[in-house]
Amino acid sequence: MKVKALSRSTADYTRETKSDIQRLPRNVDPALHPLERAREYKRALNAAKVERMLAKPFLASLTGHIDGIYSMAKNPWDLDQVITGSGDG
């Protein structure tokens, strides 16, 4: 029978003070993370979409409300339509 055990020094993972950052073991070997490239691409794509959505021309097109906008909804079948709602009274 073969037994394998991990042994680590507790000094490597113990914080000196409460304000220190907790150290976590990480392996950054790209061979162990085959989906990292796709994940990073998806994050960049989502960031670009949010940046484009919150651009000034989009915000300027939300005219017609006296008070602030309290809710927004989109049509799931037609992505060109955005409906906004406010409490104008």
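The values are calculated or read from the model by the stated rules, or taken from the named source; none is laboratory data. Keep in mind the model is a prediction, meaning the values are calculated, not measured. Neighbour counts run over all protein chains shown; Cβ positions are idealised from the backbone, glycine included. Ligands, DNA and RNA are excluded from the accessible area calculation, which covers all protein heavy atoms including side chains. Shrake-Rupley method; radii C 1.70, N 1.55, O 1.52, S 1.80 Å.
Points worth noting:
- Residue list for the range 32-51, restricted to those being of a type outside the set (S, T, N, Q) and open to solvent by less than 80 Å² (accessible area, probe 1.4 Å): HIS33, ALA38, ALA44, LEU45, ALA47, ALA48, VAL50
- ARG23 vs. criteria modelled with pLDDT of 80 or more and of a type outside the set (Gly, Ala, Ser): no
- Picking from residues in the range 64-80 that are loosely packed, with under 10 Cβ neighbours inside 10 Å and closer than 17 Å to LYS49 by Cβ, the one that is modelled with the highest pLDDT is PRO76.
- The lone exception for LEU59 - which of (1) at pLDDT below 80; (2) open to solvent by less than 70 Å² (accessible area, probe 1.4 Å) it fails: (2)
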